Each structure stands twice: as C-alpha cells, then as structure tokens.
Amino acid sequence: MLNRIFKTILLGVFALVTTSTFTSCEKEKDTIAVIIVKDTYGNVVSGAKVEVYPNQTVNPTSGNLPISDLRKVNTTDANGKAQFTYELELILNVKANITIDNDDYEGVNIIRLLRGKTTTKVVEISII
C-alpha cells in the first residue's frame, strides 16, 4: 500500500516538473527595426530602397571591420514602411533613397535597437 502511494506521488511530481519545464520555456521576442520613409511634405514614400548598416569604422582593438551580415536592404511598401529583424541590440545607420524621373533623392538617420523590442524611425527624403 505504501509502495502504491509512493508511486502515485512520484508520478505526480514528475508530471509537475515536466509540465513546468516545457511551459516556462518562452521564445525571446525578435528585435525589430521599422523604418518609415516620408517626403518633405510628410507623405509616405513607397518603393524607396532602405539600407540599414553598422558604422563602417575599423575596430581599434581587433583591427576588424563590423560584421557584414548586419547590413540589410529592403524596399518600402505602400505605407512607406520597411522592416528588419535582428537578434541583438544594435545602433545602425539608416539610408533611404529613391529615383524619380532622372533625379536621386536620399535621406539618412540613425536607429538604436533594443533587444526584444520594436523600434520605429522616420527617415525624411527631401523632394523639392
């Protein structure tokens, strides 16, 4: 009888540990950069090429350039938005450009990404 109670308790503890282990493992949220491109008048610009990249200076300690995988390019959608996903916190340069007729227009900014958060930054392109 004691053996039967012990087995029931042991099975209950095992089930509790297994359940709490699998339910407590939650995937970490993505670090997302949302870039909104607007013109001088505040209108969103669709079809603009948006590039995010780290500072291209040489690391004084190691002498290496930044990791090239951090550079990403996307095109804005109909709402003027381009989205980029990273795993870590970063500070990135943002460059947006578009060609209208034979003229090239460009805007720049800087974005700081926080781990697990979505950060939005507006880049203004001066279209006269």
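Partners of LYS81 within straight-line reach, counting aspartates and glutamates whose Cα lies under 14 Å from its Cα and excluding those fewer than 8 residues away in the same chain: ASP39, GLU51, GLU124. Put simply, the amide H of VAL45, placed in the peptide plane, has neighbours under 5 Å in VAL37, LYS38, ASP39, leaving out anything fewer than 5 places away on its chain. Amide H contacts under 5 Å for THR75: VAL50, restricted to partners 5 or more places along the chain or on a different chain, H placed in the peptide plane at 1.01 Å from N.
We did not get these values from a lab; they are worked out from the coordinates using the rules stated. In this text the structure is predicted, and so the values were computed from the model without any measurement.
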